[in-house]
C-alpha cells in the first residue's frame, strides 16, 4: 500500500537526521497550539504527523478519505501518484553522502511486565501485542544489525528481572521470550531498577560498540528505590541511548530520559502505530558527535579489528570434533587462521582468538555506506537524440506522452515516468527507481 | 499493461486434484492406442503439460538419457518427504505407458521419448503442430477479438440453452450435434415430452469453471467418437494439435485426415475453431482451443462487462446473505438465479439474496452446497479477496462470510433430515403378548424401525416383511 | 503447489572465456554454439512444463548487460516463419535468443573485449524484472498466491571480479528479500566465491560442471525443478562454501581482514584511516596489528587458498592479537609518517 510506504520513508529520513537539528525550525511554527509545551516538543524532531498536534482531542478530526482526491473521472490514480511523489521527494532529501553509523550495536530491551500491561486497549492485550511485536522486532533487528547483541530485562513487581542474557543469536533471544506464562504481568514497574540492571550488563562493553536501551512502557507510574535522575546522569555519562515506546501516555520522566540520552520517545496510538514506531528503532543510529573527543576528528570509539572469514563445511564432510563443544560433527566452519572447527558464526575462535564472522554478515550493512545516487527525474525528451524506449532495469516500455499534470513535476516526479541515473545516464521507470534505492542498492546501469 | 498472464483459473482447478480429467481417460486406453498417440510430438507435449509437477520432472530427468537407469538410482534423488509422491508419480506414468516397468529399470517409452524430444528441440517431419495456411489476400486472418467473440458466443449459447431449458423461455438453440452431445452426456434429458430438460448433473456442470466444463464435454465427445467408429487416436491428436496452435493464425485443412476433417464441424459448433464457411480450406483455433492444456482462462472476457470484471470475479457476498453481482451477462445472471433470489437488476449490477428457499431449490435440482460455495469463491470480487491477506493473525480467513457458508451447509443437511424408508406397519395385534412375541422375533431379525407398545403396533422394514409375515401366519396357524 | 514459475537466466558471454573454452587443447572443449543449443533445449523444457511459465534471458557482456529475451516483451512475430513441425513459442524463443546473442557478440568491439563482464548489471536487471513481474500491484491478479515463483540461473564462465563484491552482495540480499532462488552453473573455471555465497544464501544450488557433454542432463536434473519441487527431489548442493570477502582497498579476496569498527569496511592490511568513513584509527592498534601481521601480502597478489585450507596457511606464528607485539622491528617504520600525512590530508 503506497501510504504505508511513504510513512516508512518518512521515518527513515528522519532517523537519518536525528542528530541534525534542522527540523527544529521547520517543526517550530506548527507547534503554536502546544500550550507552553511547544518548546519541549520542538525537540521531538517532528517524528510523525501525530505529534504535530499537541493533543489528539484538540485536533480537528482528519478523515483519511479526505486526504485523497479523485480526479475529474473519479479515479484515484492521480491521488495515489501524488502520494508516491511525496514519498519520493522525502527520499531525495536524504543525504547522499555516507553517514557514519554505529554498526556493532548492543541493545537491551526493557519489557514492562506490570499489571497495566493487561489492559485491553490494544488487541488482544497490550502484553500479547508487545510480545508479538518484540519477536518481529528482534528478527528484523538481527537481519539489519547482524553483528549486534540483544538482551532482555523485564519490569515486574517493582524489580528488574533479567529475562534474556545479552546474545548475538536471534534464536536464543527469541527463546527467552517464547514462554508467555513465565512473563505473566504483575505488580508495579520500576524504571530505575530496570535501567540500572541494563546499565550494569552493558558496562563491560568495548568502546566501539553502541549501547542502547529500548523500553516498551505501558504503565503511568514507576516505583523506584532512589532518585531516577541519578540513574539518568549515569546513563548519560555511559553514553547509553535510551528510547521508549509508551503504550499509555507521555510521562515527563520518560520524555526527559529519552531527550537527555539522545533516544526517541513516542506514544503508540494504536496497534499499527505501535509497530511503526517500534520498527523505526531498527536502523542503526547515526554516530553521535562525541563531546569530549580526545582530539579533533579522532573518534575514540573507532578501532581497526582483525576478522577472519571462515569456510563452511557441508553436512557430507567427514565428522570432526568442534572446538567449542567438543562434539563430533560434520558441518561447521573452519577458522581461516588456525583451521579450528567452529559450530557457529559470528564468534571468537577458541584456539587463536580471531574474531570469525561470515562476510555476508558484514556485507549486509554496506548499503548504508554506499548508497545509490538519487536518480534525476527526466523532465523533457528534447535534446536527446535516441531516447531509450524501455526501462534499463525491468525493460518495461516507457510511455510516449508526458502526463500533463503540472503539480507532479514540483514533487520530483517525471512527467515521462523516466528517472535518470546521474552516473551512467540510463533511464529507469518509477518502480525500478524505488526498487533500486530501497532494495537492491546497486544501479543496474553502472553497478554503483 | 504487459505482464505475465496470471493463472486466474482459480483454486477450483487445483481443488480437482493434481490429476487432470483427461489423464484418467487416457489411462483407460490400450497400450497400442497410446503408443500410436505418442507418435505425434504435439500430443506428447500436451500430455506432458497435463501431468503433475513431479511427474514432469521425472520425465525430464529421463528424457535425455539413452539407456535405462536402475530404479534405486533414481529413488536416491528423492527426499524422504517425497517418497510417497514419487511412488504415485511413477504409477501414473506407468499407467500412461510413458514409463513401462518401473520397478527395476527406468526408461521412457521409446516412441514417447523420441516425440517429446522432437517437440522440444523442434524439427522432424510430423507436421503435428498444424500446417499454417497460405497467405490469402482476399480473406484476412480474423483478429483475436473476432475469434474471442465467436468462441464466447458459441459457448454461452450452449450454457444459456441449458440454464433456461427449465424456465420455459426459448433461447437460441445450439446445433443438433451439440444437443445430441448434451443429451448423451446426461447433462440434459427429454424427461417430459420432446423438449430437452436440464438434469441435476447439468446443474452441477453449470457451476464448474469453464475449463472443467470444456473438458467434460470433450471427454464425452471422445467417448462418443468411439461409438461413431472414429479413430480415437486421430481425434485426440487433433485436439492436442489444436491446443498447441497459436491464437490468431490460420491453419490449412489440407493435411488433415478424413476423421479430423469430419471433426471440424463439431468443433465449430462448440466454438473451439472458427471457419469462414464450412467449405473453407482454412480454420483458426479460438482461445478455447489454445488453452486446452494450460491453466489460463479459456474464455475471453464476457461480453461488455469490462476487462477485469469478469476475469477476477464479480460477486460480493455479505454476512447478511445479500449478494451483489457486478455483471450484465445474462448467462451469469441465469446461473446465479439457480441458487439466489434475485431482487433487482441494474445495467451492470444484480442484487439478490441467498435465502432458504433459493438454496432449497438449488438443492432440489441436485446442486450441492459445496458446489454453491465453490462457485461463489471462484467468482468472488477482488474486493473480497483483498480482505484475506490483511488478517495476519488468523492464517486462513475464508473468503466468504462464515455464517453464510455454514448456513448453506445447514440447509443442505436439513434436506437430509427426513429419511424415507419403505416398510410395513404391523398393527391390530390381538393381545399384548402376541404383540411382544412378534416384536421380539422382528428385533432378532433387526428389521424394526419404529415401535409403540402403547398403540401396540410397530414398523418393520421391507426386507423383513416376508419373514415376519411367515412368522405371524405360522403362529396364527398354530393357534387355530 | 503446481503454480507457474518464472526463470531468469543470466548468460556470461565473455568472448575470451568462450574462446578458451572452445580450444581443443582443453580436456573437454565446449563451443558457445553447442552450449547455446543445449541451453535452448533446457529453456524449451522450462516453457514446456507449464503454459504460463515465464522466462527472461539476460546476457552479461564485457562492460555491459542486455536483456536477450523475455516472454513479456512483444517480439516481431512476422520475423519467425511458421513451421508445422515446431511448437511456435519454442520457435520464437529459439530464433530470438540465437539472433540476439549473435548480434550482441558482433557488436563487441576489440577494445571492449577485455572489459570486465557485467554480471552485476545482468543480475540487478533480472532482479528489477522479477520485481516487476512479481509485484502484485503490476499484475492483474490481486491474489499474491497466483504470482509466479521466481528464480535466477546464472551460467558463469568467467572468474570472480573482486571489484564487484559489494554490488554482488547487495544483489544477493535483495534476492533474499524477494525470495528469489539463485542457482549457479559454473563452467570450466575455478569456483567463484561470490556466486557460491549467492547460491548458499538464497537456497539455490551451485554446480560446477566439468564435463560439458553431460551439460544438458545437469541442466535438466538440477536447474529445471522449480523450488516447490525441490523439497521432493533433492538437487545437488555445493560442498564447501567459501565465506571470503573482497577488501575495499585493493579488491583482493581475503580470508583474514582488518575491519573498521564504525562502518565495517574490510582492508587487507592495517590502514591508519578508514577510506570509507574517514574514521582515524588509534595509532596503538595500528602498531600492534602491523606487528602481528608482518607478512601482509602486498597489493595485487591475492592470497590464494587451495582446496584444503589446513596446509595452505602461510601465517606467521605470532597470532596473539591482544598480546604484546613481539616483532616490532618487522613492522614497516616508514608507514608511520605516511599515516600522519594521510591524516592531515583528509582533515
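The values are calculated or read from the model by the stated rules, or taken from the named source; none is laboratory data. The structure presented is a predicted model; accordingly, all values stated were derived computationally and were not measured. Here Cβ is always computed from backbone atoms with ideal geometry, including for glycine, and neighbour counts include all displayed protein chains.
Need pairs with beta-carbon distance below 6 Å; first residue under 17 Å from residue B:266 (Cβ atoms) and within region B:151-165, second in a helix (DSSP H, G or I) and at pLDDT 80 or above; sequence gap 6+ or separate chains.
Hits for this filter: B:151/B:287; B:151/B:288; B:158/B:178.
Of all residues in region B:16-28 being surrounded by fewer than 16 Cβ atoms within 10 Å (Cβ to Cβ) and in a loop (DSSP other than H, G, I, E, B), which is modelled with the lowest pLDDT?
Filtering first and then ranking leaves B:16.
Exactly one condition in (1) more than 14 Å from chain C (Cβ to nearest Cβ); (2) surrounded by fewer than 23 Cβ atoms within 10 Å (Cβ to Cβ); (3) within 30 Å of residue C:285 (Cα to Cα) is not met by residue A:148; state its number.
That leaves (1) as the condition not met.
Which of the following residues is touching a residue at least 40 places away in the same chain (Cβ under 8 Å), in a helix (DSSP H, G or I), touching a helix residue (DSSP H, G or I) at 6+ places or on another chain (Cβ under 9 Å) and under 28 Å from residue A:104 (Cβ atoms): C:219, C:287?
C:287
In a helix (DSSP H, G or I) and crowded, with 17+ Cβ neighbours inside 10 Å: does that describe residue B:350?
No, not satisfied.
Being more than 14 Å from chain C (Cβ to nearest Cβ) and modelled with pLDDT under 85, is that true of even one residue in region B:305-315?
The answer is yes; a qualifying residue exists.
Anything in region A:220-267 that is assigned to a loop (DSSP other than H, G, I, E, B), under 24 Å from the mean Cα position of the chain (by Cα) and closer than 25 Å to residue A:127 by Cβ? List them, or say none.
A:247, A:248, A:249, A:250, A:251, A:263, A:264
So which helices (runs of 4 or more DSSP H) are wholly in region A:104-210 and hold at least 3 residues that are farther than 25 Å from residue A:285 by Cα? It would help to see each step written out before you state the result.
Values: elements: A:126-144, A:170-176, A:191-202.
Output list reads A:126-144.
Okay, residues lined up against (1) away from chain B (no Cβ under 14 Å); (2) surrounded by fewer than 23 Cβ atoms within 10 Å (Cβ to Cβ); (3) over 13 Å from the mean Cα position of the chain (by Cα); (4) outside any loop (DSSP other than H, G, I, E, B):
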position: C:182; (1), (2), (3), (4): yes, no, no, yes
position: C:199; (1), (2), (3), (4): yes, no, no, yes
position: C:215; (1), (2), (3), (4): no, yes, yes, yes
position: C:227; (1), (2), (3), (4): no, yes, yes, no
position: C:235; (1), (2), (3), (4): no, yes, yes, no
position: C:251; (1), (2), (3), (4): yes, yes, yes, no
position: C:262; (1), (2), (3), (4): yes, no, yes, no
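Out of the residues in region A:248-266 that are free of Cβ contacts under 8 Å to residues at least 24 places away in the same chain and in contact with a strand residue (DSSP E or B) (Cβ under 8 Å, 6 or more places away or on another chain), state the one that is farthest from residue A:128 (Cα to Cα).
A:258
So residue B:175 clears everything in (1) touching a residue at least 24 places away in the same chain (Cβ under 8 Å); (2) outside the structural domain of residue B:271 (by TED's automatic domain parsing); (3) in contact with a helix residue (DSSP H, G or I) (Cβ under 8 Å, 6 or more places away or on another chain); (4) surrounded by 15 or more Cβ atoms within 10 Å (Cβ to Cβ) except one condition, right? Which one?
Status for residue B:175: all satisfied but (2).
So residue A:329 passes all but one of these: (1) without any contact (Cβ under 8 Å) to a residue 60 or more places away in the chain; (2) in contact with a strand residue (DSSP E or B) (Cβ under 6 Å, 6 or more places away or on another chain). Which condition number does it fail?
Result: residue A:329 passes all but (2).
Go through region B:54-73 and report how many residues are more than 10 Å from chain C (Cβ to nearest Cβ) and out of contact with any helix residue (DSSP H, G or I) (no Cβ under 7 Å at 6 or more places or on another chain).
8
For region B:108-133, how many residues are more than 8 Å from every other protein chain (Cβ to nearest Cβ) and outside any helix (DSSP H, G or I)?
Of the residues in that region, 3 qualify.
Step by step: first the residues of region C:71-102, then only those that are buried (at least 21 other Cβ atoms within 10 Å of the Cβ) and at pLDDT 85 or above, then the one that is nearest to residue B:44 (Cα to Cα). Which residue is that?
Looking at the filtered set, the residue picked out is C:90.
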